[in-house]
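Presented below is the structure to which this report refers.
The values are calculated or read from the model by the stated rules, or taken from the named source; none is laboratory data. It should be emphasised that the depicted structure is a prediction, and the values quoted were computed from it without experimental measurement. Virtual Cβ from ideal backbone geometry, glycine too; neighbours counted across all protein chains shown.
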Protein chains: 2
Amino acid sequence: VSQRQRKSPYPMITVAEAVNIVAEHSNILSPIKVPVDENLIGMVLAEDVVARQPVPGYRASILDGYSVIANDGPGVYPVIGVSIANTSHLSTNKLQPGQIARITTGGPVPPGATAVVMVEDTTLVRASEDGLQEESVEIHVQVSDGANIREIGSDTSIGTIVARKGELFSAVGGEIGVLASVGVKEVCVYRRPVFGVLSTGNEVIDHKSTSELKYGQIFDSNRPTLLAIAKATGFEVKDFGIVSDDAKELEKRLKEALTQVDVLVSTGGVSMGELDLFKPTLQQSLGATIHFGRVKMKPGKPTTFATLPGTAGAPEKLIFGLPGNPASATVTFYLFVLPALRKLAGYENWNSPILQAELMDKISLDPRPEYHRAVISFDHSKGKFMATSTGHQISSRMLSLRNCNSLLKLPERTDQCKELDKGSVVDVILIGKLNKTLQPSLKSKM
Amino acid sequence: VSQRQRKSPYPMITVAEAVNIVAEHSNILSPIKVPVDENLIGMVLAEDVVARQPVPGYRASILDGYSVIANDGPGVYPVIGVSIANTSHLSTNKLQPGQIARITTGGPVPPGATAVVMVEDTTLVRASEDGLQEESVEIHVQVSDGANIREIGSDTSIGTIVARKGELFSAVGGEIGVLASVGVKEVCVYRRPVFGVLSTGNEVIDHKSTSELKYGQIFDSNRPTLLAIAKATGFEVKDFGIVSDDAKELEKRLKEALTQVDVLVSTGGVSMGELDLFKPTLQQSLGATIHFGRVKMKPGKPTTFATLPGTAGAPEKLIFGLPGNPASATVTFYLFVLPALRKLAGYENWNSPILQAELMDKISLDPRPEYHRAVISFDHSKGKFMATSTGHQISSRMLSLRNCNSLLKLPERTDQCKELDKGSVVDVILIGKLNKTLQPSLKSKM
Ligand SMILES: [Mg+2]
Ligand SMILES: [Mg+2]
C-alpha cells in the first residue's frame, strides 16, 4: 500500500467549462448513406432531400364517384368504364362529352374527364340484365372543373425539398413516410456514434449474478442504467462488463474497448483512493489526454474527460470517467455524455432542453452547484412548470432517480442564500418526458 | 364489375364513441416474468417490488479518508490498516481506541470505528523507510459519531417497496438502476402486445422497389410510417407487406397474420369502392365482429375496428382497418391503435396527453371534427403552449406530418362558427415530443 495523494492534481472547473470542453471535442461524424426505414428515427439528415416523384403521380380522384366532364352538367349518362385503383384494369380511353366513368378514391381520372362527382350525388338509372353492371347513372349536381381531382404534384411537386439538412427524424414517423411517398430510397445522414459502457471496482458485482453479496460488495446499477438510456435514445451501445481494480487488467480492457467504439464511458475509479486507477491508466498506459478531472458540482465532482487521437483517419475517441456512485454516474451521463453523443450524431440541439420551474417545496443549497433530481409537471391553471424533489439526494441513492424526469440546476450556497423557498423559480434540465405529467387529471397522482 | 353500394351500411359514430369501443376490447394482457435489463423500458410492472438487499449492505464510507473512533478527537495516530473497496483485502480487525485505518469512498468501515475523517483534514506524519507505507497520520478535526458513514440500509432498507404495480419503466433509466441496486433480477410485467402491419391495394408499391412507378401506382408510405412509430414506441411489430385487392389473397394473408399477432393493423380497402374488400372479408371469411366502420372525423372517416375471439384461452385479437390515405392512416393509428396497444400493455395513462394551446393563425373548420396536424411549442414569456399548423391538411398529403408533434382537436363547422381566429385556445393531442420546442432560444427556428 503506497502513500496516498492528499489533494487532487486536477483543477476544479465549472460545469459550463466542462460542457464546453466536451463540446469542442465532439465533432460531427462523417455522413453515411442509409435506407429509408424505421432505423432513421433519431438520425440527422446530412443533405437536403428532394422529391423524386410528384405526389400524386397522376390525376387522382379524392373520393368514390364518377369521372365527368363538368360542362355536361346534371343529367343521365352512360357509364363507359371504371377507373379503379388497379393498374391492370385501367381504361386509357378518353372520356367523351356525354359519358361518365366510375372511379374509386385514389383512382386515376381518365383522360378527358375534368371533375369527379361523389357517389352520394348520383343514382343508378339502369343496370345490365344480369344486374351486375351499371349501364346509366343520373348525376344530380353541377360541379366545377377540377372538382375532387388531385392534380399531378398537387400534394408534393417533383423537385420540392421535402426534408432539409440538419433535420431530425422524429419518433412521430412523419418524416420517414414523407420520404417513402416521394420515392426516396436512401438518404445521407450523419453516422451515429457507437459507445461503450464499463464499470470498474473489485467490489462491484453484476446485478444478474445469482450468488449472494459478500461483505463489502455492491450490485452494479450503473451499467444497467446506462444501457437502458442507450436503448431509449437509440444510440448503439456495447457492454464491456465489470473490470477489477487492477492496472494491467484495466489497461487491457480499455484498449480493447476503444478499438470498438467512438465514445467510452467508464464508471468508478476516478476518486483519489489508491485503487482509483482510471486517470493514471489513461495517461500513462494509453497516452490519452485528460482535459478535466474535477468539476464543481454535486453529484459528480471527480468526473473525468479524456481523448485519444483516432488512428488511420478515424475521428478522435472520447473517454468519460464518471463517478461510481449511481446517482453521480447517471447525472453526469445526462450532463456530459448524452449531449456529446447527440453532437457527434449531428444534432443541432444537442443540449437537453432547459425550462424554468417553480419549486413545490423549499430546498437547502449545497456548497457546490447541485443537479437535483426532480419531477417536473405542468400546472395548467398557473401556466407554469412545477418541480418536486425526488427526495434525499445522496449520490449513492439510486432511488433519487425513480420517476425522475429532470435535474434542477441549484446554485451553490452562499452566506446570503442557504436555501431556496417554496415558489422559487429555478432552471431545470429536462432529461425525461413531460408527457405523463401533462394531463391535468393526472397531476394529483404525481 | 358489380353495382356499387351508394351508402355505407355502417352508422357514423363519434371519435369518443369509437375510442370507448376500442378501449372496452383492449384488455390488459397477462403478466410475464422478465429479467431486469434495458428491455424493461416502456413496460408496466404487474407487482409491487421490494428491496431484496439493503443499500448499502455494510457500513460504507462516504469519502476517502480515515476510519476513526470519534471520541479519540484530533491528534496523531498509528495507521493500522486499509479498508478499500476490495473484499480480498478487507481487514476484519476491530479498530481499537487510539488507532485509525485508511478507507476509500464506498469502502466498508471497520468494526469499532464510529466515523470517517476526510483525507483533506489530515496530514502524513511518518512513512515507512521505503516510503511506501503510511505509519502515522495527524487528524486535525473533531468529528461526531456517524460522520461520513452510510449505515446499512440508509439509502434503501431491506423490504422497502422500490417500485409499485402499475409503474412504467421510463426512458430515463432510473427505475431499472434502482432494481439492479437492490438485487432484483426478475420482475413481473404485463406482456406487451405484438402487432402486425399490412398495406392493401393493387396500386400500392413498396417504397424500396427500384422499378419506376407505372401510371396509377403509388409508393406505400403507411407501412414505413407505422413501422417507425412501432420502433419508437418499443412495441414489437411484424411487417406483413402489401396485399393486392383480391378477396382470396386478402383472406389468406389476414388469417396468416392473425396467428402471429395480438393486434393487426391494415391500411386501405375500407372505403366503398368495389375493391374495398377489408370489411366483407373480415365478416364473411374470417368471422370477425365489426364494431364500427365509420367515424365522424377528418381525416379517417372509414376507420374500421373488429375483433376475433382468441383460441385456446388466448386473448381476443384486435383488428384495425385504417384508411389508405397516409395522413388518415397515421392520425387514426395515433388516435385508436396506439392507445389500445398501451392499454393492452397495462399503461394506466394509455391515452395520449391532452394540452390546451393557442392558435398562431386562424384555421377554417371542416364539417367534420378535424384532427389537424400541428407543431406545439411552449412560449416561455406567455406561459402558454402555442400551435402552428403543418399546412394543407388534405389526407393524401404526407407532408402534413413532417415535424408534426400534435393533433389539434378542431370542432366541426357550424353556421355560427366557420373558422377559429388566431389566439383561439384548442385542445391538443400530443403525439410527439415537446423537447425540441421547449428551449426558449429555439423558438424562432420553429
Ligand atoms: Mg472503485
Ligand atoms: Mg384500395
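Here are the numbers for the structure shown:
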| item | result |
| --- | --- |
| Among (1) modelled with pLDDT under 95; (2) of a type outside the set (Phe, Trp, Tyr); (3) over 24 Å from the mean Cα position of the chain (by Cα) - the single one B:GLN416 does not satisfy | (1) |
| The stretch A:32-53, residues that are within 8 Å of chain B (Cβ to nearest Cβ) and either out of contact with any Asp or Glu (no Cβ under 9 Å at 6 or more places or on another chain) or assigned to a loop (DSSP other than H, G, I, E, B) (or both) | A:VAL36, A:ASP37, A:GLU38, A:ASN39, A:ILE41, A:GLN53 |
| Scan of the stretch A:306-348 for residues that are touching a residue at least 12 places away in the same chain (Cβ under 8 Å) and of a type in the set (S, T, N, Q), ordered by number | A:THR307, A:ASN325, A:SER328, A:THR330, A:THR332 |
| Test: residue in the stretch A:175-195 that is more than 23 Å from B:VAL178 (Cβ to Cβ), within 16 Å of ligand 2 (Cβ to nearest atom) and either in contact (Cβ under 8 Å) with a residue 40 or more places away in the chain or among the charged types (D, E, K, R) (or both) | yes |
| Test: residue in the stretch B:309-317 that is away from every other protein chain (no Cβ under 11 Å), away from ligand 1 (no atom under 16 Å from the Cβ), at pLDDT 95 or above and closer than 20 Å to B:ALA16 by Cβ | no |
| A:GLY391 vs. criteria not aromatic (Phe, Trp, Tyr) and not assigned by TED's automatic domain parsing to the domain that holds A:PHE219 | yes |
| Conditions (1) of a type outside the set (Phe, Trp, Tyr); (2) free of Cβ contacts under 8 Å to residues at least 60 places away in the same chain; (3) touching an Asp or Glu at 6+ places or on another chain (Cβ under 6 Å); number of the one not met by B:ILE354 | (2) |
| Evaluation of A:LYS214 against (1) within 7 Å of chain B (Cβ to nearest Cβ); (2) crowded, with 18+ Cβ neighbours inside 10 Å; (3) over 27 Å from A:LEU341 (Cβ atoms) (one fails), failing number | (2) |
| Pair list, Cβ < 7 Å and 6+ apart or interchain, from the stretch A:146-164 residues that are within 12 Å of another protein chain (Cβ to nearest Cβ) and over 14 Å from A:SER67 (Cβ atoms) to residues that are acidic (Asp, Glu) and assigned to a loop (DSSP other than H, G, I, E, B) | A:ILE161/A:ASP48; A:ARG164/A:ASP48 |
| Every residue from the stretch B:265-285 that is more than 14 Å from every other protein chain (Cβ to nearest Cβ) and touching a Leu at 6+ places or on another chain (Cβ under 6 Å) | B:SER266, B:THR281 |
| Qualifying positions in the stretch B:251-271 - hydrophobic (A, V, I, L, M, F, W, C) and within 11 Å of ligand 2 (Cβ to nearest atom) | B:VAL270 |
| Scan of the stretch A:348-367 for residues that are crowded, with 20+ Cβ neighbours inside 10 Å, within 14 Å of chain B (Cβ to nearest Cβ) and modelled with pLDDT of 95 or more, ordered by number | A:ALA357 |
| Selection within the stretch A:318-340 - assigned to a loop (DSSP other than H, G, I, E, B) and over 21 Å from A:THR14 (Cβ atoms) | A:GLY324 |
| Matching option when the condition is touching a Leu at 6+ places or on another chain (Cβ under 6 Å), without any contact (Cβ under 8 Å) to a residue 40 or more places away in the chain and either assigned by TED's automatic domain parsing to the domain that holds A:ARG368 or more than 16 Å from ligand 1 (Cβ to nearest atom) (or both), among A:ALA257, A:ALA288, A:ALA247, A:ALA230 | A:ALA288 |
| Some residue of the stretch A:199-210 being more than 30 Å from A:LEU45 (Cα to Cα), assigned to a helix (DSSP H, G or I) and without any contact (Cβ under 8 Å) to a residue 60 or more places away in the chain | no |
| Filter result for B:TYR334 (within 11 Å of chain A (Cβ to nearest Cβ) and within 15 Å of B:ASN222 (Cβ to Cβ)) | yes |
| Yes/no for A:LYS436 being at pLDDT below 95 and not assigned by TED's automatic domain parsing to the domain that holds A:THR225 | yes |
| Set B:ALA329, B:ALA257: member being within 30 Å of B:PHE169 (Cα to Cα) and touching a Ser or Thr at 6+ places or on another chain (Cβ under 6 Å) | B:ALA329 |
| Residue under evaluation B:LEU90, criteria (1) hydrophobic (A, V, I, L, M, F, W, C); (2) buried (at least 19 other Cβ atoms within 10 Å of the Cβ); (3) at pLDDT 95 or above, criterion not met | (3) |
| Tally, over the stretch A:275-294, of residues that are within 27 Å of A:LYS409 (Cβ to Cβ) and either of a type in the set (Asp, Glu) or in contact with an Asp or Glu (Cβ under 8 Å, 6 or more places away or on another chain) (or both) | 1 |
| Meets criteria (in contact (Cβ under 8 Å) with a residue 24 or more places away in the chain and either more than 16 Å from ligand 2 (Cβ to nearest atom) or more than 13 Å from chain A (Cβ to nearest Cβ) (or both)) for B:GLU129 | no |
| Within the stretch B:218-228, tally of residues that are of a type in the set (A, V, I, L, M), closer than 14 Å to A:GLU175 by Cα and touching a strand residue (DSSP E or B) at 6+ places or on another chain (Cβ under 9 Å) | 2 |
| Strands (runs of 3 or more DSSP E) completely within the stretch A:244-317 that count 2 or more residues being surrounded by 16 or more Cβ atoms within 10 Å (Cβ to Cβ) and over 33 Å from the mean Cα position of the chain (by Cα) | none |
| Residue in the stretch B:345-354 that is acidic (Asp, Glu) and in a strand (DSSP E or B) present | no |
